[in-house]
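Participant: One structure is given below, represented as structure tokens, and several questions about it will come after.
Where a number appears in this text, it was derived from the coordinates with a stated rule and is not lab data. These figures come from a predicted structure and were not determined experimentally. Using ideal geometry, Cβ is built from the backbone for each residue, glycine included, and neighbour counts are taken over all protein chains shown.
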Amino acid sequence: MSNDNKREPLIELKGVSKAFGNNVILDNVDLTIYKGDALVIIGPSGTGKSTILRIIAGLLPPDTGEIYIKGQKRTGLIEDGEDPIGISMVFQQAALFDSLTVEGNVGFSLYQHSDLSQQEIKELVAAKLEMVGLANTSDLYPGELSGGMRKRVSFARAIISNPKDDASKPEVILYDEPTAGLDPIASTVIEDLVRQLQCVDDACGTYVMVSHQDSTIRRTADRVIFLYDGNFQWEGSIEEIDTTTNPLVRQFFNASIEGPIRVIDPV
């Protein structure tokens, strides 16, 4: 994009490759995530979209290549050192602890890694739950929640931070298929929430999402990147989705079995 040179790079992947056995998932890819980005990575299943999120989050090491966080080269995984900015991740299946209450799930990192009092954490949790539309759910367990509610709990967990530690405040949120398995109405609630959280002062203004859902892509993305065969094959805006002649993009959004994307037989 022409104005990217004027924006601040927060995360940079340079020459990143990743393979699982003989299966090459990422092949020497470059990616820059800018401050204020609303970036959605799309492409067929099994092409490495979630792998990129896990590499960005510091949960999975690349085989080769370099990762820079706000200009600082990352060495190892997230537990090996602190990034100069906070990066949170919302997992596809919410990844909540079934044995913990909503409060225990949302406040988990603060209970484990801060010196805040229990009352202080309870108040922070309540504020984040209200922010995602789940006031008065602190004492419930994940099994008592709908799929959409569990997703919103995972959002609250991703944006909570220690007010006494600026470094814990997330500047980037990674969303892995946040509307997968939800009905259209619940998906709309989640899509709206993603955009609302981008505009909240004390939450995150930058996000990277992986999604297959047409409505989610169109309602949450400003920038779209198409991943296929281990590389980024196309980049454009939402408006360009319907005007590009790129055959991969055309086949993907037309849900056609005819085209350059190899169709995998599910049987």
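Participant: Roughly how many nanometres apart are two label points built 7 Å out from the Cα toward the Cβ at residue 73 and residue 146?
Facilitator: In this crude spin-label approximation the distance works out to 5.0 nm.
Participant: Which one, 143, 21, 86, has the greatest fluctuation when you compute a Gaussian network model over the chain with C-alpha springs under 10 angstrom?
Facilitator: The residue with the greatest mean-square fluctuation here is 21.
Participant: Computed over the Cα atoms, what is the radius of gyration of the range 1-71 divided by 2.2 N^0.38 Å, N being its residue count?
Facilitator: Normalised Cα radius of gyration, the range 1-71: 1.14.
Participant: If every alpha-carbon in the chain counts as one equal scatterer, what log10 I(q)/I(0) does Debye give at q = 0.07 1/Å?
Facilitator: With no solvent term, the Cα-only Debye profile gives -0.25.
Participant: Right, next: Give me the number: length gained by fully extending residue 254 to residue 93, i.e. 0.36 nm times residue separation minus the C-alpha to C-alpha distance, one decimal in nm.
Facilitator: The residue 254-residue 93 span can extend by a further 55.3 nm.
Participant: Between residue 135 and residue 82, what is the label-to-label distance in nm when each label sits 7 Å out along the Cα-to-Cβ direction?
Facilitator: Here the answer is 3.4 nm between the modelled labels.
Participant: Something else now. Obtain the nm distance between the two label points defined at residue 215 and residue 59 by a simple spin-label model: each point lies 7 Å from its Cα along the Cα-to-C-beta direction.
Facilitator: The modelled label-to-label distance comes out at 2.6 nm.
Participant: Name the longest site-free stretch of the chain, where the excluded sites are trypsin sites (Lys or Arg not before Pro) in a DSSP loop with no more than 12 other beta-carbon atoms within 10 Å.
Facilitator: So the longest stretch without any such site is 1-163.
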